[in-house]
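A short worksheet on the structure shown next.
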Amino acid sequence: MLFIDRVYMGIVIVLIKAFGRKPEKRYKWEPIRDSLENGNSAYPMVLIQIPMFNEKEVHKLSIGAACGLSWPSDRIIIQVLDDSTDSTIKESVELECERWANKGINIVHETRDNRNGYKAGALKRGMKLSYVKQCEYVAIFDADFQPEPDFLLRTVPFLVHNSEIALVQASWKFANSDECFMTRMLEMSLDYHFMVEQEVGSSTCDFFSFNGTAGIWRIAAINVAGGWKDRTTVEDMDLAIRASLKGWKFVYLCSLKVKSELPSTFKAFRNQQHRSCAGPANLLRKMAMEIIRNKKVTLWKKIYLIYSFFLVRKIVAHIATFVFYCIVIPTTVLVPEVDIPKWAAVYLPCLITLLNVVGTPRSLHLFFFWFLFDNVMSLHRAKATLVGLLDVGRVNEWIVTDKLGDGLKTKLDMKARKKPLIKIRERLHLAELMVGVFLFYCACCDLAHGKNQYFIYLYLQAVAFFIMGFGYVERVYMGIVIVLVKVFGRKPEKRYKWEPIKDDLESGNSTYPMVLIQIPMFNEKEVYKLSIGAACGLSWPSDRIIIQVLDDSTDPTIKELVELECERWANKGINIKYEIRDERTGYKAGALKQGMKRNYVKQCEYVAIFDADFQPEPDFLWRTIPFFVHNPEIALVQARWIFVNSNECFMTRMQEMSLDYHFKVEQEVGSSTYAFFGFNGTAGVWRIAAINEVGGWKDRTTVEDMDLAVRASLRGWKFVYLGSLKVKSELPSTFKAFRNQQHRWSCGPANLLRKMAMEIIRNKKVTLWKKIYVIYSFFLVRKVVAHIATFVFYGIVIPTAVLVPEVDIPKWAAIYLPCIITLLNAVGTPRSVHLLFFWILFENVMSLHRAKATLIGLLEAGRVNEWIVTEKLGDGLKTKLDVKALKKPLSRIRERLHLVELMVGAFLFYCACYDLTHGNNQYFIYLYLQAVAYFIMGFGYVGTLVPNT
């Protein structure tokens, strides 16, 4: 039932998005216009109701937002229905109303002697007041809801021009969705409700459940339906169904969003879920016969209301979820005779879960955690549903959901004096703990005696029950650290002599060594000011620093802009040189080499290099130069990169994970154990004497930085990596730029190994151990085997094992080893650990290019020396007036298509289908997902999409 309902809604929502018309097209909608003759009388009279109960922290938000609605002040009445029992809060609300009234707002503060009927009672009493008779429509906002100023301008026209419409409902957006793990889970569930359930109901049956807030009603419809009733805790749903049975239509505006707040404590969320589950079940019990006997609506609508709306979504969904995942599956472990087919145990639940998360694409990577979280909550929902159906116990319990700050403020009443034991009892939830123990026991039994391998799910689900049972759902932290280096390793300042350079009154600035800053650039229109400005802002005596801008730009306009920027800083007293050359021989290495030949460079001892998008902090030289001054054996000090655009798109997040591992692990380990690592080409300082000793810059490969570093290391020079010194930079955000960069970074090292292998082996200045480290670990494993093996294993071996059943890959090789390697790769970026699975798929696709580039470098063929400068921020987004803008659409499509990825994707998809129908390995799950990843990147739908015009 649940699966059919989800599929039905999925199909309908796809049709709506593809062919459906917006509400403004389905119904007559025209903006209300001012009339010179009638003045504001063209605008209907609107009542705004704001029910609240002890809303100390948020009452100003809703009142302020309501008073800011764009509507003639003489055609609106704001009614604050205050049921607060705290006299201080009641007084504060009254003062806020008076403050707005003094500004000319027609606002009324209403109270009552008792809270009979809770929210429904307050709304019902508010409608009975005499001044309401002049109003045609009523908008309702709970105390934490903040409508946009144009709310009435967008909703009231539907009611004015369509007499059959009773309700216009807006969508919710959540101000605190990122507050904690639980709010992210709630956002996923509610986004599905609004983006799918409400949309489908509005488009197919002109009916959906009123959400109790952020909607506007026709007052006549409320009266015809019998007004507000307090027979259940879902007075909003009760009114909506009665109005629908009278023939009224509802409109849902997905594009109109009202800011609100999610419950952020587990206690508040449990109470809210009890009310929203017990209420609908109880309402069905009381209204089922009324719906069946109704003669004003069609049979189809009755079936939709009873079967789809109530039975499937409000009852079966809650009870079946708990029974299946927490009773049936664990019981099959204890009773081996019970066998659940895979389609019921795995495929169907996975499909339902995926259909549930379509409303929140940004949280798709959290869908497995949502699945565990929702299964725990199904315990409460099932219990509340049964309470509602049986009309027993807490069926009419109404606890107002705590708003922001209510649970955090200091309370000076008796509750604050509770003993610690009572506070612990408040956090413990015995039902969750008991179910968690049962699942844990079943998992242990399955691991020891079973063959179903349900223990993996059962262990994880048990952990979820324990976490929520102990009340720790609000704070879930994930992070893995490099234990040995962080705990036992000494900082570079301790391993080497480091003392700050001190001023000398007699010698003046001559105690400071002369430093050269080199900034190579090529057509860097968008970022040249950043690097030049940051370099000119370095804290170092101005007469002891030379900034050298090496401009290889081929665009005369950009070249002129860079020169003007250099002149601007020179006029401020900065010693800055603008250098150009006639041709780009040797690319970046050629530019750096040419720059080192200038006469004024002879007076410099050290050179710092920054690419055009790098922005060092002012203290960069203060923290790096002392290493050189006090340690003559050091040739290089390398800083770490941080990325200003890591959150720009999915692709930049994946790059951040890889590069953070490189800096936090590979560079740290190399620096700590062998005083050697690959120079990153930028954000580092070199001793000029070391560069000259090893032969200077060479352009024989596209990794001139690594080439220089290896040669210097073979001469006995030491390198220092400063992980605490960070330099801002930019990641390539277009797939084209990233592919080009990865080709250069993969092809270059392989080609350098080919050219330097014998030189390393024959070297007599370094130890045998260091030679093994450089050739085996640094080059062979990381720069060659890693790329080729990844593609061969994930892109060839596993798919081939499906087609050739005789090939059997042991689990440790197919699952455990790759998982461990993946986890180790993610230690550098704990904030992205939840993206691990997507990182695997992304890296596997990129391994195709890296493997190809590595082979090109090893064989020294084709594009071995190709150098394409990585596009910087804005290069792809700015309007281009050159010939590229004249390309035909067909050419643009060809640019986006990557045939190799598409071919590999098709191969993997075929293997997945074959494994699904004939295989026993269950590799098809991975193969389908990896195929989709290849297709996405093959069609160019990754990274920032750059317009051609």
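The values are calculated or read from the model by the stated rules, or taken from the named source; none is laboratory data. Computed from a predicted structure; not experimentally measured. With ideal geometry, Cβ positions are generated from the backbone for all residues, glycine too; neighbour counts draw on all protein chains shown. Side chains included, ligands, DNA and RNA excluded: accessible areas come from the protein's heavy atoms. Shrake-Rupley method; radii C 1.70, N 1.55, O 1.52, S 1.80 Å.
A few notes on this one:
- Test: residue in region 545-553 that is assigned to a helix (DSSP H, G or I) and open to solvent by less than 50 Å² (accessible area, probe 1.4 Å): no
- Residue satisfying all of: in region 611-659; in a loop (DSSP other than H, G, I, E, B) and of a type in the set (A, V, I, L, M, F, W, C); nearest to the chain's Cα centre (by Cα) among these: CYS649
- Residue check, ASN396 at pLDDT below 75 and crowded, with 16+ Cβ neighbours inside 10 Å: no
- Condition broken by GLY716, with the remaining ones in (1) under 18 Å from TYR606 (Cβ atoms); (2) small (Gly, Ala, Ser); (3) surrounded by fewer than 22 Cβ atoms within 10 Å (Cβ to Cβ) satisfied: (1)
- Screening LEU69 on (1) open to solvent by 10 Å² or more (accessible area, probe 1.4 Å); (2) in a strand (DSSP E or B); (3) of a type in the set (A, V, I, L, M) shows it passes everything except condition (2).
- Every condition in (1) more than 42 Å from the chain's Cα centre (by Cα); (2) open to solvent by less than 70 Å² (accessible area, probe 1.4 Å); (3) under 27 Å from GLY696 (Cβ atoms) holds for GLY590 except the one numbered (1).
- Residue within region 105-124 that is within 39 Å of the chain's Cα centre (by Cα), at positive phi and assigned by the TED database to the domain that holds MET52 present: yes
- Test: residue in region 765-778 that is closer than 15 Å to THR702 by Cβ, open to solvent by 10 Å² or more (accessible area, probe 1.4 Å) and free of Cβ contacts under 8 Å to residues at least 60 places away in the same chain: no
- Residue that is surrounded by the fewest Cβ atoms within 10 Å (Cβ to Cβ), among those in region 266-305 that are β-branched (Val, Ile, Thr) and touching a residue at least 12 places away in the same chain (Cβ under 8 Å): ILE292
- Residue match in region 574-582 (condition: over 27 Å from VAL869 (Cα atoms) and open to solvent by 10 Å² or more (accessible area, probe 1.4 Å)): yes
- Summed over region 72-86, the residues that are open to solvent by 30 Å² or more (accessible area, probe 1.4 Å), polar (S, T, N, Q) and outside any loop (DSSP other than H, G, I, E, B) give a count of 1.
- Test for SER264: is it modelled with pLDDT under 85 and closer than 30 Å to SER177 by Cβ: yes
- Being at pLDDT below 90, closer than 30 Å to ALA175 by Cβ and open to solvent by 40 Å² or more (accessible area, probe 1.4 Å) holds for only one residue in LYS423, LYS419, and it is LYS423.
- Pick from region 515-532, criterion open to solvent by 10 Å² or more (accessible area, probe 1.4 Å), over 14 Å from THR682 (Cα atoms) and more than 32 Å from the chain's Cα centre (by Cα), ranking: modelled with the lowest pLDDT: ASN523
- Residue match in region 87-109 (condition: out of contact with any Pro (no Cβ under 6 Å at 6 or more places or on another chain), part of a loop (DSSP other than H, G, I, E, B) and within 28 Å of MET237 (Cβ to Cβ)): no
- Considering region 660-675, and only residues there that are open to solvent by 40 Å² or more (accessible area, probe 1.4 Å) and over 28 Å from the mean Cα position of the chain (by Cα), the residue that is modelled with the highest pLDDT turns out to be VAL669.
- Scanning region 110-132 for residues that are in a helix (DSSP H, G or I) and open to solvent by less than 40 Å² (accessible area, probe 1.4 Å) turns up LYS119, ALA120, GLY121, ALA122, LEU123, GLY126, MET127, VAL132.
- Summed over region 730-747, residues that are among the small types (Gly, Ala, Ser), modelled with pLDDT under 90 and either open to solvent by less than 10 Å² (accessible area, probe 1.4 Å) or closer than 27 Å to PHE779 by Cβ (or both) total 1.
- Qualifying positions in region 913-934 - buried (at least 18 other Cβ atoms within 10 Å of the Cβ), under 29 Å from the mean Cα position of the chain (by Cα) and part of a helix (DSSP H, G or I): PHE924, TYR926, LEU927, GLN930, ALA931, ALA933, TYR934
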